[in-house]
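Undergrad: Here's a structure for you.
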Amino acid sequence: MSNNSFMSSDFMSSDDIRHQFSVAMSAMYQAEVPLYGDLVDLVTNVNTEVLSAQPDIKAQLEHTGEMDRLSMERHGAIRVGTAAELSMMRRLFAVMGMYPVGYYDLAPAGVPVHSTAFRATDAESLSKSPFRVFTSLLRLDLIGDEALKEEAIAALAHRNIFTDTVIELIESFEAQGGLSEQAGQQFVVEALETFRWHDSTSVSKALYEKLLQQHGLIADVVGFKGPHINHLTPRTLDIDTVQHSMKARGITPKAIIEGPPKRNCPILLRQTSFKALEEAVRFKNTLADAGQSSYEQGQHTARFGEIEQRGVALTPKGRALYDKLLSDAREQLGMTPNEANASQYYQILEATFAEFPDNYQTLHKEGLAYFYYQPVDNSNTDLQLTSLETAESKSAIVELIEKNVIRIEPIVYEDFLPVSAAGIFQSNLRDDKQSSYEGNSNQQEFEKALGTHVQDELALYETTQAQSLQNCFVTLQKTA
């Protein structure tokens, strides 16, 4: 059921606010990073070609309701510095019907953050706007230099990343249970300011350089007035073609497509990006006279354009197999995948993943992935009502599928992969260090800062699949 089902008709739906915000965000980012607009055009062209050449993919998207949302499928990523910022960000996203799903610790992969994804959590809302934001909280506890840590804490304490008006609108939403059409549109304008790029820093060049030596992401989070959106991501149906086409258009892609290898039946998430831009920034001059603004010129590298290809969501059993095979492939390579060993890595990856079934029927039968169950038009008219009533076992469901009474369609993976996210982040920072930070994952501390628990993404897929099966049986019983 949609998160907006109980919202007063006097209020603008959270789905509509989220959709308007995602459109405004895309327009803003294309204006700030014109190369991203080129990327969107490229993805649109590739998707059009795939749909024309592969009618089975088009039919699948139509069956799952994803065709209409394909062109608006995007995710963004931001990084915040304090618990207070993360908590208010949670409240801001709630206005748009976006809730924290999943916990991701990127520290083991050398990125000093832990994260969640804010997104809609039910199929109806996702079909209206699948926009999601991967949101990371800087782990200041991982800064080894105590003096530098204190400077970073002080710098973050002096900034306010939200406008007064957007906070008032968030409070109104919470008090009233919604926003009027006018207030909802004003919210979009005000919320966008939090994600806007500022070319002047809130720290000196000297402090920025010290932060940069610790980690490029630390400098990006601490050094600026707000958590500028550092990338947006359109969804493609063929990421390999996009990767090759970027080179032809003079866009420099990262060396490796993160995630699983190319498959007939895509699983989880594959991601690539163009290299982060080196942008001119002005650093705050600490020697300026009191009350006067003075800045020193410099450069900063962080913002980029990403592309994703999403596949079927995996069950715990499927995810365990995926994680094992990916780990085996990386261990066999013996080093971080990069431009020099890209071809070798892809060969190892494909060979390793040969163990992972590559057709939907087997994925379903072995309980490796999540699916929608749908009645087949003009299905077996001899099917008896009693057979439906007893079709609770997995073998009975498989039999109904084999008899072409029920079809399965993949439930798209709406979430993220920590190793892939870390790979994207690292490739778009000034250094390519892949060291692992010491220290345990701390979901409890993250949720304390967030102000709530994160939802279990696997439980959401399980619920979606179960509801789909129930709805399918109800329909079949009516026609039996």
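Undergrad: Are any residues in the stretch 150-164 acidic (D, E) and either open to solvent by less than 20 Å² (accessible area, probe 1.4 Å) or without any contact (Cβ under 8 Å) to a residue 24 or more places away in the chain (or both), and if so, which ones?
TA: Result: E150, D164.
Undergrad: Residue check: is A183 open to solvent by 10 Å² or more (accessible area, probe 1.4 Å) and without any contact (Cβ under 8 Å) to a residue 40 or more places away in the chain?
TA: So A183 does not fit the description; no.
Undergrad: Does V376 qualify as being modelled with pLDDT under 85 and out of contact with any Asp or Glu (no Cβ under 9 Å at 6 or more places or on another chain)?
TA: no
Undergrad: If I ask for residues that are in contact with a Gly (Cβ under 7 Å, 6 or more places away or on another chain) and not in a helix (DSSP H, G or I), which ones from the stretch 10-69 would you list?
TA: Result: F11, M12, V33.
Undergrad: While we're here: Return the pairs, sorted by first residue and then second, in which the second residue is open to solvent by 50 Å² or more (accessible area, probe 1.4 Å) and modelled with pLDDT of 90 or more, the first residue lies in the stretch 26-39 and is within 17 Å of P227 (Cα to Cα), the beta carbons are less than 9 Å apart, and the residues are 6+ apart or on different chains.
TA: So the pair list comes out as M28/R196; E32/R196.
Undergrad: If you take the residues in the stretch 150-175 that are at pLDDT 95 or above and among the polar types (S, T, N, Q), which one is nearest to the chain's Cα centre (by Cα)?
TA: Among them, the one singled out is T163.
Undergrad: Taking the stated definitions as given, is P260 open to solvent by less than 10 Å² (accessible area, probe 1.4 Å), within 25 Å of E366 (Cα to Cα) and within 26 Å of the chain's Cα centre (by Cα)?
TA: Criteria met by P260.
Undergrad: Here is a follow-up. Spot the failing condition for Y36; the list is (1) modelled with pLDDT under 90; (2) surrounded by fewer than 21 Cβ atoms within 10 Å (Cβ to Cβ); (3) under 21 Å from the mean Cα position of the chain (by Cα), and only one is missed.
TA: Going through the list (1) modelled with pLDDT under 90; (2) surrounded by fewer than 21 Cβ atoms within 10 Å (Cβ to Cβ); (3) under 21 Å from the mean Cα position of the chain (by Cα), Y36 breaks only (2).
Undergrad: Determine if the stretch 264-283 includes at least one residue that is in a loop (DSSP other than H, G, I, E, B) and over 25 Å from the mean Cα position of the chain (by Cα).
TA: Looking for residues that are in a loop (DSSP other than H, G, I, E, B) and over 25 Å from the mean Cα position of the chain (by Cα), one finds none in the stretch 264-283, hence no.
For (1) buried (at least 16 other Cβ atoms within 10 Å of the Cβ); (2) touching a Leu at 6+ places or on another chain (Cβ under 8 Å); (3) modelled with pLDDT under 85, each residue gets a yes or a no:
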{"position": "S2", "(1), (2), (3)": "yes, no, yes"}
{"position": "S5", "(1), (2), (3)": "no, no, yes"}
{"position": "Q20", "(1), (2), (3)": "yes, no, no"}
{"position": "A31", "(1), (2), (3)": "no, no, no"}
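Undergrad: Could you run through the stretch 57-99 and say how many residues are open to solvent by 30 Å² or more (accessible area, probe 1.4 Å), closer than 16 Å to R310 by Cα and of a type in the set (D, E, K, R)?
TA: 4
Undergrad: Determine whether V221 is under 26 Å from G97 (Cα atoms), at pLDDT 90 or above, aliphatic (A, V, I, L, M) and over 20 Å from the mean Cα position of the chain (by Cα).
TA: Working: under 26 Å from G97 (Cα atoms): yes; at pLDDT 90 or above: yes; aliphatic (A, V, I, L, M): yes; over 20 Å from the mean Cα position of the chain (by Cα): no.
In short, no.
Undergrad: Does the stretch 108-120 hold any residues that are in contact with a helix residue (DSSP H, G or I) (Cβ under 6 Å, 6 or more places away or on another chain) and either open to solvent by 10 Å² or more (accessible area, probe 1.4 Å) or in contact (Cβ under 8 Å) with a residue 60 or more places away in the chain (or both), and which are they?
TA: A109, V111, P112, H114, A120
Undergrad: Can you tell me which residues in the stretch 447-480 are more than 22 Å from S125 (Cβ to Cβ) and either modelled with pLDDT of 95 or more or part of a loop (DSSP other than H, G, I, E, B) (or both)?
TA: E447, K448, A449, A480
Let's see how each residue does on (1) closer than 25 Å to V111 by Cα; (2) of a type in the set (S, T, N, Q); (3) out of contact with any strand residue (DSSP E or B) (no Cβ under 8 Å at 6 or more places or on another chain):
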{"residue": "I17", "(1), (2), (3)": "no, no, no"}
{"residue": "Y29", "(1), (2), (3)": "yes, no, no"}
{"residue": "P34", "(1), (2), (3)": "no, no, yes"}
{"residue": "G37", "(1), (2), (3)": "no, no, yes"}
{"residue": "V40", "(1), (2), (3)": "no, no, no"}
{"residue": "E49", "(1), (2), (3)": "no, no, yes"}
{"residue": "H63", "(1), (2), (3)": "no, no, no"}
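Undergrad: For A147, which of the numbered conditions (1) open to solvent by less than 20 Å² (accessible area, probe 1.4 Å); (2) hydrophobic (A, V, I, L, M, F, W, C); (3) over 26 Å from the mean Cα position of the chain (by Cα); (4) farther than 27 Å from Y29 by Cβ fails to hold?
TA: The failed condition is (1).
Undergrad: Just checking, which of K262, K275, K247 is within 30 Å of D328 (Cβ to Cβ) and free of Cβ contacts under 8 Å to residues at least 60 places away in the same chain?
TA: Only one candidate passes the filter, namely K247.
Undergrad: Another question, then. Could you please give the count of residues in the stretch 308-362 that are among the polar types (S, T, N, Q), crowded, with 16+ Cβ neighbours inside 10 Å and either in contact (Cβ under 8 Å) with a residue 60 or more places away in the chain or in a loop (DSSP other than H, G, I, E, B) (or both)? Reasoning before the result, please.
TA: Within the stretch 308-362, the subset among the polar types (S, T, N, Q) is 309, 315, 327, 332, 336, 338, 341, 343-344, 347, 352, 359, 361-362.
Now narrow it down to the ones that are crowded, with 16+ Cβ neighbours inside 10 Å: 309, 315, 336, 341, 352.
With either in contact (Cβ under 8 Å) with a residue 60 or more places away in the chain or in a loop (DSSP other than H, G, I, E, B) (or both) added as a condition, the list becomes 309, 315, 336.
Result for the stretch 308-362: 3.
The values are calculated or read from the model by the stated rules, or taken from the named source; none is laboratory data. Computed from a predicted structure; not experimentally measured. All Cβ positions, even for glycine, are placed from backbone atoms using ideal geometry, and neighbour counts span all protein chains on display. We work out accessible area using only protein heavy atoms, side chains counted, and drop any ligands, DNA or RNA first. Shrake-Rupley method; radii C 1.70, N 1.55, O 1.52, S 1.80 Å.
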